[in-house]
Structure formats: C-alpha cells, structure tokens
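Bear in mind these aren't lab numbers, they're just calculated from the coordinates by the rules spelled out. Computed from a predicted model, the values in this text were never measured in an experiment. Using ideal geometry, Cβ is built from the backbone for each residue, glycine included, and neighbour counts are taken over all protein chains shown.
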Amino acid sequence: MLHVEALEVRYGDTVALDGVDLVVEDGEVVSVLGPSGSGKSTLLRAVAGLEPPVLGRVAWDGDDLTRVPPHRRQLGLMFQDHTLFPHRDVLGNVAFGLRMRRVPAAHAAARAAELLALVGLAGYAHRHVTELSGGEQQRVALARALAPAPRLLMLDEPLGSLDRALRERLMVELRELFTRLGLTSLYVTHDHDEAFALADRVAVMHEGRIEQLGSPVDVWEHPANEFVARFLGYNVTDALGHGRVAVRPDSLRIEPDGPIAGVVAARTFRRDHFLLEVKIADGPSLEVAATGDRIPTAGDPLRLAVDPDAVVPLSP
Amino acid sequence: MVPARIDRRRIARGLMLAVPLAFLGVFFVYPVASIVGRGLTPDGSLDLSPIGDVVTDARLRGVAWFTVWQATVSTALTVLVALPGAYVFARYEFRGKRLVRAAVLVPFVLPTVVVGSAFLAVLGESGPLGFLGLDQSLAAILLAHVFFDYAVVVLVVGGLWAHLDPRQEDAARVLGAGRWQTFRSVTLPALQPAIAAAAAIVFLFTFTSFGVILILGGPGYSTLETEIYRQTVQFLDLPQAAALSILQLVAVIAVLLVAGRAQGRRAQALRLRPRAETSRRARTAAERAVVGVNLAVIAVLLGGPIAVLVERSFDTAGGYSFGFYRALSELRRTSTVFVPPIEAVRNSIVFASAATVIALVIGGLAAFAIAGAGRRVRPGRGLDTLLLLPLGVSAVTIGFGFLIALDRPPFDLRASPVLIPIAHALVAAPFVARVLIPVLRSIDQRLREAAAVLGASPRRVWREIDLPIVARAVLVAAGFAFAISLGEFGATIFIARPDYPTLPVVVFRLLGQPGALNFGAAMAASVILMAVTAVAILAIERFRFADIGEF
C-alpha cells in the first residue's frame, strides 16, 4: 500500500507539488488526471525517487521510502516516450530489471519471454528496439517495467504518443492486464476516457494539488469544484437561476417553451451529436449537445430546458 | 531536506574532476607559470627587459611579423584551394566518394615531420620538382600548410554546406540571380560562420606550426615556435625563450577568443536538410569538369607528396630496394641518435599506447564530469576552457615548460621517459574530451532514470547506459589520441632523451645529417611512421568519421 503524505516538490521558486496526500491500496489502479503542467508527472517522479521532495513523505506498507534512492524502491515506472535502451535488443531491455536484481540469466530470459508473450510480442526477443513501431515499443516498455514484478507500477501517459485507434485498443488490453495480474498501479494521463476506463479511483490534479479524489462515476457526476467541472467539459454558469452551477452539454435540452432563451453562435459536428455554442441573452455562452433531426444552425434562436437532477451546485 | 544521494553524486563529480584538474595543474599550469616566472623574473626580481628585448629587437620583431604573415597567407590559400573541394564533396555524388573523403583526411593526421619530409622529397634538390629551386623557400612552407589543413576546411565548411537547403539557391535563381550572384548573396552568407570557424582553426594551426617550418624553412625562416626552440637548444637563452613563449601565449589566447566568437555565431537559424537530399551526380559537362578538376587537385596536392615520399624511400643508389629500411637498424651511434633508429618504432608505439591510456582517463573523466553535471546544473564554461587550453597553447610551449619546470623538486622527472607520454596525453586529452562531450550530452537523462527505477545503482547506470553508448566514441577518441601521440614533435623534441627517441625525432635528426643514406633513411622512417598512423586512422574510419564530435 502506497502512502503519499503532504508531499511538496519545488523547481527553484516554482511549486510543482503542493502538499499532495494520496493512498493507493494493494491491487488498486489510481489514475492521476490533469492538464499538462498540473504536477502529475512530478508526482510519479517523486514517488519513484527521481525528484527530491522538500517536504512530506513517501511510504510503502509503513516503510518510509523518502530517502531511499530510486534503484532500491522496487517500483516500476513506464515513461511517456518509452525510453527504451537503444544499445540493447528487446530481450536486453525486458531483462534489464531482472539482471539488476541478480536473477540468473536463464531465469531472466525465460521470464522476459513470458512477459513478451503477455504483451503480444512473442518471438521479438532479438529484434533491435529502433526497428519497432510506436505501439510495439510501448509494449516492450510495459514488459520491461513489469518484468521485475514491481510492487507498484507507475505509467506516465503511456498511450500519449499513439494514434487514436491504437490507443483505444491498448486501453482495453491494459485494463485486462491490470485485472489479470492484480496490479497496484498509478496511471497518469490527461485524457478523461483513459482515466475513467482504467481506474478504480481518479485523482484530478491542478497546480500541484489534488482537487478531487474518487471513483470515476463519482468524479464524473459530482465534480467537486469549478476547475474539475470545466476540465471534464461541464458548462459552469450562473444563468440557470440556481446560483453558480455546473451542467453537462448533454443535460441541456432544446425545448420550444424552455425557460432559457438564446441564439446559436456556432455549430460543430461531433460524430454522435452536434455541439452548439449558444449565446444566452444576458450571460456567457453555453455548450449544448444536440441530437435528432432538426438541429438549429448558427443564427437560429432557441429555448433551452435543463433537468434539475443534472445540475451540480458548486460551492462559491 | 536534501536526500543524501545528491551529496554523494556531487562528491563523485568532484572526485571525477579532481584527477584531470590535478593533472592539468601539475603538467600544464605549473610549467606555463614557470615559463612566465622565468620570463618576467630572470634573476628573482621582476624584470621586463627580456620582453622589452623581444619588442625592440629588430630581428625578433621580424620573427613575430613573419609568424603572423605566413599564418595569414597560409590560411587564405587553404580556404581558397579547399572551398571548391568542400563544394564538390557537399553537392556531388561520384564513384569512390567515401574513399576519397577518407584519403583527404589522411594529411591532417600525418605527423608534421612526415609532411616536412614529403615536401623535401618533392622539392629538394634531387626531387622531381627540385629544378624549381623551392627547397627551403616560403612557397614550400605555404604548400605544406595547404596540404596539412585542406581537410579542416572540407570537414568544417563542407559539413555545413552538405546540409544547406539547395532550394534556397533555386529560389534565388528563379528570382533572376545568376550563378555567381546566387553564390555571393545566398550561399556565401550562409556559409560565412563555418568559413570563419575553419579559418580560425587553420590560422591557429599554422600560427603554431613547428615541424614543417623547422624542416622546410631551414635557417632562413623562423616563427615564434622555432625561435623558442632555437633560443633554448642552440643559444641556451632561457629568459629570451620564456619571453617569446609569453608573447606566443598571449597571441594564441587572442586567436582562441576570436575563434570562439566566430564559432558562437555559427548557432544561427539555418534551414538544414539531411545530407542525402542535397547531393547528386554531376550532370552537365561543366559540372563534371568542376568535380574532375577538384579530384585532380586532391590527387596532385595531397597524393603527390605522399607518393613521392614512398618512392624516394625505396630509391637507393643500386635501384629500388629496402636498403634504407635496412639501414634503419644498422645506423648506430651517429652524433645525435644513440640507438638504431628502428628502436624508435617500438618507443613510439609504447609511448603512444601509454599516452592514449592517460589521455582517455584524463579526457574521459573530464568529459563525464562536464557532461554529466545533470540537467539543471549547467557546468560553467571555465572548466571547458581550461581543459581545452592545451589544445591551443603550442606543443613547443608545453615541451619548453616541462624542460624548465619539471627538472627539479618537487617534480624532478627530467631523467624519466614518462614525461613523453604525459606531454602527448596533454595534447591529446582535449581532443578526447571534445569527441566524448557531445556524445555524452546527447544521452537522454530519462534513459538513466529508467535504469535507476529498474534497480540500477548510480555506478551501475554509468556502466550499463553511459559507457556502452559512448563506447564507439571512446574508440574514435583512442584512435585520435594514438595518432596525435605518434606524430607529436614540438613537445617531444624538448624532452626526448637521446636513448629513447620517438620516430618523429629520428626523422628530424636523420634529416639534419649529411648524405644520401641518412636522407633515404629519413624517408623510410617517415613511411613507417605514416603506415603506423594510417593503421590507427583506418581504425577510426571504420567507426565513421561523420559521427565524431565537434572540433
């Protein structure tokens, strides 16, 4: 079980982590979600021991790791751009962590082959890593991180550099792998879909702090504050008559006698719906997801209604 | 609260630096300081008269003037002759291009005494061009300098030229500029920083040229370098030599500063293209003629002297034979060489091996310390500069400094042959560091972090990541160091004991002896020296010249 307590990391005068508390239970996948620069990668690096904290504590099952150098922490970290060792072949990369733990060569090779099979790269052992495609390199990096059976696997935007189709396929595979191996994992991403699909709990980060921590459903349905709401794609507005609230674009309906009057400012096609930017008479714009046969176009006036259950009040 | 490992890393870096700094302190700073001391305080009190003498003495003023003048003319000639060559290598593909490019690099790494011998072989009284009467002439010196430094211009300017986008020239042509106008208004400005950098390097090399001038200039021409040598060895006027060395030091540092500025300006934004997209086969008759003329210049200017040197080494009185080579093991107890010259081959290889090891350790540690300082701690340029200074300060100054500083306690090493590899390592270590630093800097820090997270201790990271990645560069650096040591002459001539001569010293001493047998033996010794150097360079070429670091 990973304990992060009041962790603070600074780069010069910049505060990259500002008192982060986080617990990851055994067998749990926690996703760290946030925009770039929110401190999520720094959190992983600090847990791995690559960034020295100025304050706070990292512990595993009660053992304080804060002053333990990275190579003795027995954690796994998969970097954003895979960072495979260019001077070693696939086997040399996957077996690296085992060699560092003085596992006999034959055992290490067998274990590496096992992991290559697990990530769907059986028979790739003696390929040169520079010959591999982006997706293949990602799988090798995953196998390399998994090989020494780390007690915690950390992944830093592991699918960030891949194209959409490959990303979605690998997302499913990762989910399967996490469940099958019962991995304890910290998964950093800026993509909601990835975070919600893979995680047992989601931590939303902003400016070095965790803004909200909860199950994917809980975070998605009840954003804790304005930042989380906006980051997840909610409208944040005072125009609905309930004070400051957050409301999702698909919770606003076009109704001829709805209470809110507005004019369509722009219309964007989004595969399964149209996203309308609606200018409200006495306020800012709202985003509205519209489906059906008659989608208004730019310049059309319309009226909107909102399901009261879908309105999330925000504390001022 | 800073974790202990940061401290340990800093300590490790300090230890890494301590070794090269101590080495430079004892074998570079201390001797140079001794020279300055000798020059300014000849009798224990400050006395500027030797410096004053140099400035007022008409002959010495002439020497200083000639040093600057010949370096300027040599540089201009080299750039003029080599620029078309750089163009051909950058823009055209032709059969055997790789081989020719490798051959162009050979003169640059040839020992200066070999270059001197080769031009003596061509221009001397009995040489094929002896009728021109250029023996011991200015023309011989200038030609030899062009021969020597042709490769610098081709490497530095051609390197940039090959990556310039030819479409900029196409654009100028479409806009109505003629060929010459295009060259002057588009190509030349883009190349200007590289030309300035190459010219600065050539100027430095020719300004501190020693062996070539000593062998080809005869008594009629002398530069600051040869004058320091003569004042020391022939007239035993150490204060005078020290004053000349100080003058030389100041001039070299000034040139280095100018060169540094010229290179600093290289970092301008140019649209560079991969090499493969910018060169093609010559198509028109005019283009083929340009390629042909340049290849002919290379063959005659660079290949000619080497071919004649080899030919003369076999051209004995009784026809072609190995007579001169056999003489190398028979000539004995001449006035200056107390051992059969062939023993110098063994000495040279032993010294070069030792110098290579020392240079790799010193230059390697310095490179790791400078490059491995981490992402956030950018190392000061101070150390960089201190390490590279012996590269600019002439070998003669180093040899002279050893002579006057290391002959008494605390460092009484005068009788020790160990001084030779140390002096060679001092000249070679900056090259080693310059080859290794860019390679080390190019290693992604996250590779080291990935290894650490996978369980590699800092020392293990160094062994598993840094070392394998730089291994190839280390081999290239070793080849360089070996070749530099083999050919080193300026420092060696001061400190080589008569019973431990190196090959360049033997060549020089043989050339100083009268008679066809000694001359022929000098040719043969030069050919052996060239062959040993060529083996070292071929080893480098196997690891591709294009990949090596900055000069």
- [ ] Give, in nm to one decimal, the length gained when the segment between A:Ala298 and A:Glu255 is fully stretched (0.36 nm per residue of separation minus the Cα-Cα distance).
- [x] 13.8 nm
Open item on the list: Which residue, A:Val47, A:Val202, A:Ala143, has the largest displacement toward the positive end of the dipole of the stretch A:2-226 when charges sit on each Cβ (Lys, Arg +1; Asp, Glu -1)?
Closed with: A:Ala143
- [ ] Using a 10 Å cut-off on Cβ to Cβ distances, tally the other chain neighbours for every residue of B:439-452 and report the average as a whole number.
- [x] 5
Task: Net dipole in debye of chain A [+1 Lys, Arg Cβ; -1 Asp, Glu Cβ; about Cα centre; nearest 20] - done: 1300
Task: Inter-chain Cβ neighbour average for residues B:453-466, partner chain, 10 Å - done: 6
Open item on the list: Given all pairs of different Cα atoms, what value in angstroms does the Kirkwood hydrodynamic radius of the stretch A:1-110 take?
Closed with: 15.7
Task: Fewest-first sequence of A:Tyr187, A:Tyr124 by Cβ atoms within 10 Å of each Cβ - done: A:Tyr124, A:Tyr187
Task: Efficiency of FRET between B:Asp47 and B:Trp69 - r from beta-carbon atoms, R0 22 angstrom, step 0.05 - done: 0.15
Open item on the list: Please report the projected area of the stretch A:237-313's Cα convex hull averaged over all directions, in nm².
Closed with: 4.8
Task: Distance in nm between pseudo-label sites at B:Ala139 and A:Arg230 (7 Å out along the Cβ direction from Cα) - done: 8.1
Open item on the list: To make sure I understand, if each residue's beta carbon is the centre and we count other beta carbons within 10 Å, what order do B:Ser313, B:Ser117, B:Ser321, B:Ser222 fall in, fewest to most?
Closed with: B:Ser321, B:Ser222, B:Ser313, B:Ser117
- [ ] Give, in nm to one decimal, the length gained when the segment between A:Ser36 and A:Met1 is fully stretched (0.36 nm per residue of separation minus the Cα-Cα distance).
- [x] 9.9 nm
Open item on the list: I'd like the antiparallel share, as a percent to the nearest 5, of DSSP beta bridges with both residues in the stretch A:2-226.
Closed with: 55
- [ ] If a/c stays under 1.5 just call it rounded; otherwise compare a/b with b/c (prolate if a/b is bigger, oblate if not). Do that for the stretch A:113-177, with a ≥ b ≥ c from the square roots of the Cα gyration tensor eigenvalues.
- [x] oblate
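Arrange the peptides B:30-40, B:423-433 so that the one whose residues have, on average, the most other Cβ atoms within 10 Å appears first.
The densest-packed peptide leads the list: B:423-433, B:30-40.
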Task: the stretch B:505-536 residues near the modelled B:Ala307 label - backbone nitrogen below 16 Å, point 7 Å along Cα→Cβ - done: none
TODO: Give the residue from A:Ser31, A:Phe96, A:Leu177 lying farthest towards the positive end of the charge dipole for the stretch A:2-226; charges sit on Cβ (+1 for Lys and Arg, -1 for Asp and Glu) and the dipole is referred to the Cα centre.
DONE: A:Phe96
Open item on the list: Order B:160-169, A:146-155 from most to least packed using the mean count of other Cβ atoms within 10 Å.
Closed with: A:146-155, B:160-169
Task: Mean separation of Cα contacts under 8 Å, 6 or more apart, over the residue count of the stretch A:2-226: relative contact order % - done: 29
Task: For the protein assembly as shown, Kirkwood radius (reciprocal of mean inverse C-alpha pair distance, Å) - done: 32.5
Open item on the list: I need the semi-axes of the equivalent ellipsoid of chain A: take the C-alpha gyration tensor, multiply each eigenvalue by 5, square-root it, list largest first in whole angstrom.
Closed with: 44, 24, 15
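What FRET efficiency, computed as 1/(1 + (r/R0)^6) with R0 = 41 Å and r the Cβ-Cβ distance, is obtained for A:Glu176 and B:Leu475, rounded to the nearest 0.05?
With R0 = 41 Å, the Cβ-Cβ based efficiency is 0.30.
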Task: Computed magnitude of the charge dipole of the protein assembly as shown (debye, nearest 20; Cβ of K, R +1, Cβ of D, E -1) - done: 2560
- [ ] Counting only DSSP beta bridges with both residues in the protein assembly as shown, tell me the antiparallel percent, nearest 5.
- [x] 75
- [ ] May I ask you to derive the relative contact order of the stretch A:237-313, considering only C-alpha pairs under 8 Å and at least 6 residues apart, and to give it as an integer percent?
- [x] 42
Task: Selected from A:Tyr187, A:Ser215, A:Val245, residue furthest toward positive end of dipole (the stretch A:147-296; charges at beta carbon) - done: A:Tyr187
Open item on the list: Sequence gap at least 6, Cα distance under 8 Å: using those rules, report the relative contact order of the stretch B:101-230 to the nearest whole percent.
Closed with: 32
Task: Point-charge dipole on Cβ atoms (K/R +1, D/E -1) for the stretch A:40-108, about Cα centre, debye to 20 - done: 160
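Going by how many other Cβ atoms sit within 10 Å of their own, how do B:Ile11, B:Ile493 line up, fewest first?
Least to most surrounded, the residues fall as B:Ile11, B:Ile493.
Counting only other chains, and only Cβ atoms inside 10 Å, what mean value do you get across the residues of A:66-76?
Whole-number average of other-chain Cβ neighbours for A:66-76 is 5.
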